[in-house]
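Visitor: Sending over a structure as structure tokens; questions will come in a sec.
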Amino acid sequence: MKNSKYLPLLATFVVFVLGYVICISVFPNMLSTRVAGNLLTDNAFLGITAVGMTFVILSGGIDLSVGSVIAFTGVFLSVILRDTSIHPLAAFAIVLVLTTAFGAAMGGVIFFLDMPPFIVTLAGMFLARGISYLLTTESVPITHPFYSTLQEIYIRMPGGGRLTLIAMIMLAVFALGIILAQRTRFGTYVYALGGNLTSAQLMGVPVAKTTIGIYALSGFLAGLSGIVFSLYTSAGYSLAAVGVELDAIAAVVIGGTLLTGGYGFVAGTFLGICIQGLIQTYIVFDGTLSSWWTKIVIGLLLFGFIALQRGLMWMSERSARNMRHASAAAQASGA
Amino acid sequence: MAVPTIIRERTPQLIVLAVILALNAIISPGFFSIEIQNDRLYGSLIDVLNRGAPVTLLAIGMTLVIATKGIDLSVGAVMAIVGAVAASLITSGYSLPATLAGALFVGLACGIWNGALVALLDIQPIIATLILMVAGRGIAQLITEGVILTFNDKPELIFVGSGSFLSLPMPVIIWVVVAILAILVVRRSALGLLIEAIGVNRRASTLSGVNSRVILLAVYAVSGLCAATAGVIAAADIKGADANNAGLWLEMDAILAVVIGGTSLLGGRFSLVGSLMGAMIIQSLNTGILMAGFPPEFNLIIKAAIILIILIVQSPASQAAMANFRANRQTVAIKTESREHAAR
Amino acid sequence: LTVGFSQIGSESGWRAAETSVTKLEAQKRGIDLKFADAQQKQENQIKAVRSFIAQGVDAILIAPVVATGWDAVLKEAKEANIPVILLDRTVDAPQDLYLTAVTSDTVFEGKVAGEWLVKEVGDKPCNIVELQGTTGSSPAINRKKGFDEAIAGKANLKIVRSQTGDFTRTKGKEVMESFIKAEGGGKNICALYAHNDDMAVGAIQAIKEAGLKPGKDILVVSIDAVPDIFQAFIAGEANATVELTPNMAGPAFDALDAYLKDKKEPAKWIQTESKLYTPADDPQKVYDEKKGLGY
Amino acid sequence: MMANAQPLLSVRGVSKAFLGVSALENVDFTLQAGEVHALLGENGAGKSTLIKIITGAYRRDEGEVLLEGTPIHPRDVVDAQKLGIGTVYQEVNLLTNLTVAENLFLGRQPKRFGLTDVREMNRRSRAILDTYGLDIDVTAPLANFSVAIQQVVAIARAVDISGKVLVLDEPTASLDAHEVEMLFAVVRQLRARGMGIIFISHFLDQVYEIADSITVLRNGRLIDTVPVAGLDRLKLVSMMLGRQLEADIKRTIDPNTAKSEPLVSLRGLGKRGSVDPLDLDIRQGEVVGIAGLLGSGRTETAQLVFGIERADSGTISVGGAPVNMTSPRKAISQGFAFCPEDRKTDGIVGDLSVRENIIFALQAQRGWMRPLSRSEQEALADRYIAALDIRTSDREKPIKFLSGGNQQKVLLARWLATNPRFLILDEPTRGIDVGAHAEIIRLIIDLCERGMALLVISSELGELVGYSSRIIVLRDRKMVSELTGDEISTDHIMKAIASHGATGEAA
Ligand SMILES: Nc1ncnc2c1ncn2[C@@H]1O[C@H](COP(=O)(O)OP(=O)(O)OP(=O)(O)O)[C@@H](O)[C@H]1O
Ligand SMILES: Nc1ncnc2c1ncn2[C@@H]1O[C@H](COP(=O)(O)OP(=O)(O)OP(=O)(O)O)[C@@H](O)[C@H]1O
Ligand SMILES: [Mg+2]
Ligand SMILES: [Mg+2]
């Protein structure tokens, strides 16, 4: 009975392991800690914003603005570090306040005007990128020495792989995200909103606060992701991170979270990120695909993973139900 | 009496459209002037109708999909695929009817693929259609081999994109015809009701004997067909199939058009007429921005701001406030009526 | 020899041509080319480069989507002793992090286009409309800059309208339509400058549909020299284009060869030619040459 | 009535209108500490609306609400909870995606080091449910449990959070006699502790059993508040309905039907882990009742017959010919109809109008190509609105705005409109007021007499006995008994359930 809740997570995990095994059997090189380290570092920004997206989707919403917010964060940081002598840490604080407020504002509009999140955040997406354009259309390098200091922080793993600062930030965000979702009132409220809005309201969930909190959290994490992205590229660019929202949504959903809300896990999103990273790594390692085959293969693999996950779910749901009934019957006769 | 109700229900959209058109006319004085050039009506207003064709067509299919609580992210990619198919068929010597039939068939197949994932495999629509959104452009490029497949010497296909009939540009004729057809089929049959019911409560609909799977499949198929039509028009318009850019991000515009038109993303009640107006609102906005001559960096901000204003004005919250206001004036009448009802 | 190639994507015909020429050049030299398409995203390019390093390739080619943000990954490549060559755009990184850059000068391209127009119109007053590339992309910024430099100080040349056409035909056509409407049915426009040929091809159709003659009523100058613009030359509908050669890989592989064999450090910048083509340059012949290159 | 100096809760002159249609007009209501106060009235009388106003779910248009003499203005449910008012709403309003424990403790989870102490929460949940005799896995999602269990959880939650006032809106609708007893025991305890309890129910027996006083609403207006002691039942009913209720009807069974050929016959129909194989014949002009405790597999049996779940053994034949029952569509094409018990998720199409909900199944059956014309639809809708006395201000009103009981009637209308040969009703009278209750029973008998075959599931044994030609009794997903003729009585049913339950009680 209990495991039915964790079924999608389990299915995703099995799919990931299967996928990795297949990759390794084709390219033994992929077993190295270097590849593992790259997987974490390269997807750090995506992972961080996907944690925020998980909360949004768990609550039954969606946030299309994250990609633009990441770009805005980068542009804002690069411009402010270029034009003023503010310390990057102070700039980080400012930008996080801004993006959090931006998210909160969207949450407010969604709740108080009763508008669909898809549309509100779509407007937010236009707005954030529009503001980035206004700040600068050129890509601006960040040359502050503090950035190099941060970029130099990493733990060397056996085998030459690196666990970089940004990878560590991502792992920390995931850990905190899991705790927030599973072990706090806010987390339960998020699930409650996704389960059934009216019921949640009637059961006394502070819907307004929670909705605003969710989008503020997503804004905050998108800002943090933007900071990580700027560390990753040492630059700000208004065209950066186009379409990241779709990648994040895909990671969340591949991770077993229901887009209609209420069911899913932050840990699943981590698996979703890893699966997507795996697909990309595989394609690069292969290195023979033309541009168009790359797209097709990504689509096919996406389909493969989702179909496999569906199949696993379907099979184990069936056996779980049979088991449940068996145990219920046993309970009844034994009682 | 059908037309007046349709218009009455869509008053907010009509007002918004009128305001935006008026703004356009203020910014560029010749906006409303229409003249005949080369036997064809010519003017900014015609441009709005003409350029709006792809989004309008996409919005028709998208409305039906959204009414079932779904979403179709793949329409832009399907446009690219179909454009590529049409271009490669016509350049390899097929006749126009064969080309069009082939193109529409491919669009239909794409739609059925999406529908099968959603209806049969129960994959969430956004992810189901994301697959084709990602892979679709690849398929289109595979067909064109990465180049812009031009057909400058095929006037029959070009006619679909830039020809004119009865002085109206072909794309306008096509979308108007498709729209009328769609509205007739959906509203004169019971299809509209069944679609709405599936969107509101799929389980209850299935239990009441609605063939939900088939209808879902059909709705995505129609969306594929609409995207195919839009794809042919887009390719014919530039006399070539641009696998990379045809229909790029148009799915977002189409969704926006549907929402501006008053159909909820949560499924259920839908309005095709509203979506058409939504598409026209978006296109007038685009054309207006182009005519205004602002630096392009401002495009997005202006668009976002205006969309926000439109949405806030017609958000359920403000609508409810309006309705309450109106209701309060009618309260007395209804109260007596309901008392009579109770007395019976 | 295994070489990894991180390409931006396949967003335009020119890009597709560059990819196919690169593959061809690699094949000619017996190089095993690992190709990675980044779908227009820098993060994907960085991922690809990291994967190349993890795979242990012998050299890496990058066609960077944007100039900034390469320091870290280039450092990693250097630590792994893998030479990196940049194609068609340079980066904002210390020069010792890469072997060389084979690029054209996009500012210069704009300038060539501008200078051609200056010469063409002489002292006549001329209102120019400009179709910019994707807002914020470096070719759009640079091609605008170069063109502006060329016409600076010429009081008779004036850019009256400038909008983005996203480097695409569709948008090129749509934007040109609105330019024509906004400028008195196109009578006030004397020349069109498009940041790439695709937009120019779209705009030419818009001009024709408005009942004007492209190439005569409105001069058309653009950049890239893709095959389709030569067809427009043949039809007398376009007036000039500046070539951006898709063959960046040839010089790159030559430099790499020399470096690996003889430890010969190449120059930090190998600039490709920005050749101006006009209808006088036997467009049919150029068209036939270019047609097979995968544009 | 216990005359306290100050009432615990008093409502004065409250009015409420929805989009101009008034649901409550100038209603007064007084609740004393230490009393159970029943709120009665027909479907749509405004009971739920009144308590939603008291608990802050709706905002009142006029009037005031005083708690212990001080005016209160709960902005939302949380506010009301803080004031000590706990509520179980009519439609189970819990979150089926959360675990049982989370549902019980939502918003007040025990904490340790700032984080939710899940172990403590589960422990306390088990303890709470223990008082209701419920031993279930509190860490499983609520969705795993039947409506009845969910209802018990909802009650347990409300009881646990309410300090002063407990509001129960039709809490017993989906409970069986045993569970009702358990609930009443708890309610009596709370009353003894001085709490005020508002109790809404359509079961008059229960009202007489537990309530101290009664307030009757009709058409959104207060009729009267009276003490229960000495209140004549018929008088109460006429207060509610505004007219006399006709005498109870007992069906006379035509002995000939038993000999005719069965219309539907099930042979060894079953599904592993869900329903054990069973044989059953249903003839035209016959009502077969299904009795059993909660979770005994009644609903699942009906779902097998209607093709919602697929049987993995046995056959269904209709009129002698075997039918492969693969989907509801298939069943409907055989002239079957099924009125589900969980109307919210399985029945109503919330955003659609009453008219559309009524013609819905008929339209689905005709197919999309043959739409019913607007006038046909309106005629059908009007006919059933009148026939079943569905209370709605307008046939174009979205069904989600109808009161619970009226939604149930619309669903019945939906299926009657298809003119079925065989009608399956799962808890058809749940949440239906006394007047309508009698009408529905009359309707069942009437349909049966006109030759329809019916399969009716109900937890109200008295009602089942009233109209059934035969009754089968399920226990633990097995058919344990089939009662015919004179065996049909509540006693026999109880015995059938209990005799087999003996093993369970012994342990
Ligand atoms: N949200 C709403 N919008 C519009 N009308 C409503 C709404 N809620 C209730 N009503 C109307 O108010 C009236 C009273 O409904 P209410 O739910 O209070 O009835 P009830 O007495 O609880 O009936 P039941 O016994 O069937 O539950 C009904 O006519 C109903 O249609
Ligand atoms: N004690 C229990 N523990 C877990 N699940 C239960 C329990 N009792 C019932 N269920 C579940 O609830 C459902 C009840 O079965 P079903 O609806 O067929 O019973 P029923 O006799 O119709 O009872 P109800 O009055 O709830 O409708 C089944 O899916 C069963 O798995
Ligand atoms: Mg009620
Ligand atoms: Mg049941």
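The values are calculated or read from the model by the stated rules, or taken from the named source; none is laboratory data. What you are looking at is a predicted structure, and each value in this text was computed from that prediction instead of being measured. Cβ coordinates were reconstructed from backbone atoms using ideal geometry, including for glycine residues, and neighbour counts include every protein chain displayed. Note: accessible area is taken over every heavy atom of the protein model, side chains too, but ligands, DNA and RNA are not part of it. Shrake-Rupley method; radii C 1.70, N 1.55, O 1.52, S 1.80 Å.
Visitor: Out of the residues in segment D:266-296 that are of a type in the set (S, T, N, Q) and open to solvent by less than 20 Å² (accessible area, probe 1.4 Å), which is farthest from ligand 3 (Cβ to nearest atom)? Give the steps one after another, and end with the answer.
Guide: In the first step, residues of segment D:266-296 are kept if they are of a type in the set (S, T, N, Q); the result is D:274, D:284, D:296.
Those still in the list that are open to solvent by less than 20 Å² (accessible area, probe 1.4 Å) too: D:274, D:296.
Numbers: D:274: 32, D:296: 27 Å.
The extreme case among them is D:274.
Visitor: Kindly indicate the residue of segment D:55-97 that is away from chain A (no Cβ under 14 Å) and free of Cβ contacts under 8 Å to residues at least 24 places away in the same chain and also least open to solvent (accessible area, probe 1.4 Å) among those meeting that condition.
Guide: Looking at the filtered set, the residue picked out is D:72.
Visitor: Tally up the residues in segment A:1-18 that are at pLDDT 75 or above and exposed (fewer than 14 other Cβ atoms within 10 Å of the Cβ), please. So that I can check it myself, show each step before the final result.
Guide: Filtering segment A:1-18 down to residues at pLDDT 75 or above leaves A:6-18.
Those left that are additionally exposed (fewer than 14 other Cβ atoms within 10 Å of the Cβ): A:17-18.
Residues flagged as at pLDDT 75 or above and exposed (fewer than 14 other Cβ atoms within 10 Å of the Cβ) within segment A:1-18 amount to 2.
Visitor: Of all the residues that make up segment A:266-288, how many are touching a Lys or Arg at 6+ places or on another chain (Cβ under 9 Å) and either in a helix (DSSP H, G or I) or open to solvent by 20 Å² or more (accessible area, probe 1.4 Å) (or both)?
Guide: The first filter runs over segment A:266-288 and keeps only residues touching a Lys or Arg at 6+ places or on another chain (Cβ under 9 Å), leaving A:277, A:280-281, A:284-288.
Okay, now just the ones that are also either in a helix (DSSP H, G or I) or open to solvent by 20 Å² or more (accessible area, probe 1.4 Å) (or both), so A:277, A:280-281, A:284-286, A:288.
Number satisfying all stated conditions: 7.
Visitor: Sort out which residues of segment D:1-40 are surrounded by fewer than 18 Cβ atoms within 10 Å (Cβ to Cβ), in a strand (DSSP E or B), at pLDDT below 90 and of a type in the set (S, T, N, Q), and write them in order of number.
Guide: Once the filter is applied, which keeps residues that are surrounded by fewer than 18 Cβ atoms within 10 Å (Cβ to Cβ), in a strand (DSSP E or B), at pLDDT below 90 and of a type in the set (S, T, N, Q), segment D:1-40 yields nothing.
Visitor: I'm trying to understand the selection: among the residues of segment D:316-329, which are open to solvent by less than 50 Å² (accessible area, probe 1.4 Å), closer than 29 Å to residue B:202 by Cβ and more than 14 Å from every other protein chain (Cβ to nearest Cβ)?
Guide: Once the filter is applied, which keeps residues that are open to solvent by less than 50 Å² (accessible area, probe 1.4 Å), closer than 29 Å to residue B:202 by Cβ and more than 14 Å from every other protein chain (Cβ to nearest Cβ), segment D:316-329 yields D:316, D:318, D:323.
Visitor: Could you tell me whether segment C:142-163 includes any residue that is within 8 Å of chain B (Cβ to nearest Cβ) and open to solvent by less than 10 Å² (accessible area, probe 1.4 Å)?
Guide: Kept after step one, since they are within 8 Å of chain B (Cβ to nearest Cβ), are these residues of segment C:142-163: C:161-163.
Adding the requirement that they be open to solvent by less than 10 Å² (accessible area, probe 1.4 Å) leaves C:163.
Scanning segment C:142-163 turns up at least one residue that is within 8 Å of chain B (Cβ to nearest Cβ) and open to solvent by less than 10 Å² (accessible area, probe 1.4 Å).
Visitor: Can you find, within segment D:24-45, the residue that is farthest from the chain's Cα centre (by Cα) among those that are within 16 Å of ligand 3 (Cβ to nearest atom) and within 12 Å of another protein chain (Cβ to nearest Cβ)?
Guide: D:45
Visitor: Has segment D:115-136 got at least one residue that is within 16 Å of ligand 4 (Cβ to nearest atom), hydroxyl-bearing (Ser, Thr, Tyr) and open to solvent by 10 Å² or more (accessible area, probe 1.4 Å)? If you could, list the steps in order and put the result at the bottom.
Guide: Narrowing segment D:115-136 to residues within 16 Å of ligand 4 (Cβ to nearest atom): none.
Looking through segment D:115-136, none of the residues is within 16 Å of ligand 4 (Cβ to nearest atom), hydroxyl-bearing (Ser, Thr, Tyr) and open to solvent by 10 Å² or more (accessible area, probe 1.4 Å).
Visitor: Restricting segment D:297-315 to residues that are open to solvent by 10 Å² or more (accessible area, probe 1.4 Å) and either in contact with a Leu (Cβ under 9 Å, 6 or more places away or on another chain) or not assigned by the TED database to the domain that holds residue D:419 (or both), which is nearest to ligand 3 (Cβ to nearest atom)?
Guide: D:298
Visitor: Still on this structure, I have one more. Can residue C:42 be described as modelled with pLDDT under 90 and more than 15 Å from the chain's Cα centre (by Cα)? Let's see the steps before the verdict.
Guide: Numbers: modelled with pLDDT under 90: yes; more than 15 Å from the chain's Cα centre (by Cα): yes.
Yes; evaluated as a whole, the condition is true for this residue.
Visitor: Residues to consider are D:209, D:170, D:181; find the one that is free of Cβ contacts under 8 Å to residues at least 12 places away in the same chain and open to solvent by 10 Å² or more (accessible area, probe 1.4 Å). Steps first, answer last, please.
Guide: Working: D:209 fails: free of Cβ contacts under 8 Å to residues at least 12 places away in the same chain; D:170 fails: free of Cβ contacts under 8 Å to residues at least 12 places away in the same chain.
Just one listed residue meets the conditions, D:181.
Visitor: Moving to a separate point now. Of the residues in segment B:178-200, how many are open to solvent by less than 10 Å² (accessible area, probe 1.4 Å) and outside any helix (DSSP H, G or I)?
Guide: The total comes to 1.
Visitor: Is at least one residue of segment D:257-264 surrounded by fewer than 20 Cβ atoms within 10 Å (Cβ to Cβ), β-branched (Val, Ile, Thr) and touching a strand residue (DSSP E or B) at 6+ places or on another chain (Cβ under 8 Å)? Talk me through it step by step, then tell me what you get.
Guide: Here is the first cut: in segment D:257-264, the ones surrounded by fewer than 20 Cβ atoms within 10 Å (Cβ to Cβ) are D:257-262.
Still in the running and β-branched (Val, Ile, Thr): D:257.
In the following step, the residues that additionally are touching a strand residue (DSSP E or B) at 6+ places or on another chain (Cβ under 8 Å) were identified as D:257.
Looking for residues that are surrounded by fewer than 20 Cβ atoms within 10 Å (Cβ to Cβ), β-branched (Val, Ile, Thr) and touching a strand residue (DSSP E or B) at 6+ places or on another chain (Cβ under 8 Å), one finds at least one in segment D:257-264, hence yes.
Visitor: Moving on. Restricting attention to segment D:159-186, report how many residues are within 16 Å of ligand 3 (Cβ to nearest atom) and either of a type in the set (Lys, Arg) or not in a loop (DSSP other than H, G, I, E, B) (or both). Please lay out each step first, then the result.
Guide: Going residue by residue through segment D:159-186, those that are within 16 Å of ligand 3 (Cβ to nearest atom) are D:167-174.
Next cut, either of a type in the set (Lys, Arg) or not in a loop (DSSP other than H, G, I, E, B) (or both) only: D:167-169.
Number of matching residues: 3.
Visitor: Moving to a separate point now. Among the residues of segment D:84-93, is there at least one that is within 16 Å of ligand 2 (Cβ to nearest atom) and either charged (D, E, K, R) or at pLDDT 90 or above (or both)? Please lay out each step first, then the result.
Guide: At the first step, the residues of segment D:84-93 found to be within 16 Å of ligand 2 (Cβ to nearest atom) are D:91-92.
Narrowing further to those that are either charged (D, E, K, R) or at pLDDT 90 or above (or both): D:91.
Checked against the condition, which is being within 16 Å of ligand 2 (Cβ to nearest atom) and either charged (D, E, K, R) or at pLDDT 90 or above (or both), segment D:84-93 yields at least one hit.
Visitor: Continuing with this model, one more query. Looking only at segment B:266-318, how many residues end up being within 30 Å of residue D:348 (Cβ to Cβ) and either open to solvent by less than 30 Å² (accessible area, probe 1.4 Å) or more than 9 Å from chain A (Cβ to nearest Cβ) (or both)?
Guide: Final tally of qualifying residues: 13.
Visitor: Would you check which residues across segment D:294-308 are within 16 Å of ligand 4 (Cβ to nearest atom), out of contact with any strand residue (DSSP E or B) (no Cβ under 6 Å at 6 or more places or on another chain) and part of a loop (DSSP other than H, G, I, E, B) and list them?
Guide: Answer for segment D:294-308, where residues must be within 16 Å of ligand 4 (Cβ to nearest atom), out of contact with any strand residue (DSSP E or B) (no Cβ under 6 Å at 6 or more places or on another chain) and part of a loop (DSSP other than H, G, I, E, B): D:294, D:295, D:308.
Visitor: Also, I was wondering about something else. Are there any pairs with C-beta distances below 6 angstrom linking a residue in segment C:27-50 that is farther than 24 Å from residue C:138 by Cα and more than 9 Å from every other protein chain (Cβ to nearest Cβ) to a residue that is at pLDDT 90 or above and open to solvent by less than 10 Å² (accessible area, probe 1.4 Å), with the two at least 6 apart or on different chains, and if so which?
Guide: Pairs found: C:29/C:253; C:31/C:3.
Visitor: Among (1) at pLDDT 90 or above; (2) open to solvent by 50 Å² or more (accessible area, probe 1.4 Å); (3) hydroxyl-bearing (Ser, Thr, Tyr), where does residue B:5 come up short?
Guide: Condition (1) is where residue B:5 drops out.
Visitor: Okay, moving on. Scan segment B:229-265 residue by residue and report those that are open to solvent by 10 Å² or more (accessible area, probe 1.4 Å) and under 22 Å from residue B:27 (Cβ atoms).
Guide: If the condition is that a residue be open to solvent by 10 Å² or more (accessible area, probe 1.4 Å) and under 22 Å from residue B:27 (Cβ atoms), then B:253 is the only one that fits.
Visitor: Oh, and also: Among strands (runs of 3 or more DSSP E) lying entirely in segment C:14-107, which contain 2 or more residues that are closer than 27 Å to residue B:134 by Cβ? Break it down stepwise before answering.
Guide: Numbers: elements: C:32-37, C:59-62, C:84-87, C:100-103.
Here the list reads C:32-37, C:59-62.
Visitor: A further question follows. Condition test on residue A:297, is it touching a Ser or Thr at 6+ places or on another chain (Cβ under 6 Å), more than 16 Å from ligand 3 (Cβ to nearest atom), modelled with pLDDT of 80 or more and closer than 19 Å to residue C:35 by Cα? Can you show your working first?
Guide: Working: touching a Ser or Thr at 6+ places or on another chain (Cβ under 6 Å): no; more than 16 Å from ligand 3 (Cβ to nearest atom): yes; modelled with pLDDT of 80 or more: yes; closer than 19 Å to residue C:35 by Cα: yes.
Answer is no for this residue.
Listed here are the residues, each with its yes/no results for (1) among the hydrophobic types (A, V, I, L, M, F, W, C); (2) modelled with pLDDT under 95.
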| position | (1), (2) |
| --- | --- |
| B:176 | yes, no |
| B:185 | yes, yes |
| B:190 | yes, yes |
| B:211 | no, yes |
| B:216 | yes, no |
| B:219 | yes, no |
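Visitor: Right, something else. Look through segment B:201-219, keep the residues that are in a helix (DSSP H, G or I) and open to solvent by 30 Å² or more (accessible area, probe 1.4 Å), and return whichever of them is farthest from the other protein chains (Cβ to nearest Cβ). Talk me through it step by step, then tell me what you get.
Guide: Our first condition is that a residue be in a helix (DSSP H, G or I); within segment B:201-219, this holds for B:202-207, B:212-219.
Next, from what is left, pick out any that are open to solvent by 30 Å² or more (accessible area, probe 1.4 Å): B:202-203, B:206, B:213-214, B:217-218.
On the way: B:202: 10, B:203: 6, B:206: 6, B:213: 9, B:214: 10, B:217: 13, B:218: 9 Å.
Ranking the candidates gives B:217 first.
Visitor: Same structure, new question: Name the one entry in D:472, D:457 that is under 23 Å from residue D:436 (Cβ atoms) and open to solvent by less than 30 Å² (accessible area, probe 1.4 Å). Step through it out loud before you land on a result.
Guide: Details: D:472 fails: under 23 Å from residue D:436 (Cβ atoms).
Of D:472, D:457, the one residue that is under 23 Å from residue D:436 (Cβ atoms) and open to solvent by less than 30 Å² (accessible area, probe 1.4 Å) is D:457.
Visitor: Counting residues that are open to solvent by less than 10 Å² (accessible area, probe 1.4 Å), which helices (runs of 4 or more DSSP H) fully inside segment D:344-452 reach at least 2? Steps first, please.
Guide: Values: elements: D:354-366, D:374-387, D:404-416, D:434-449.
It comes to D:354-366, D:404-416, D:434-449.
Visitor: Another question about this same structure. Among the residues in segment D:41-58, are any in a strand (DSSP E or B), at pLDDT 90 or above and farther than 19 Å from residue A:197 by Cα?
Guide: no
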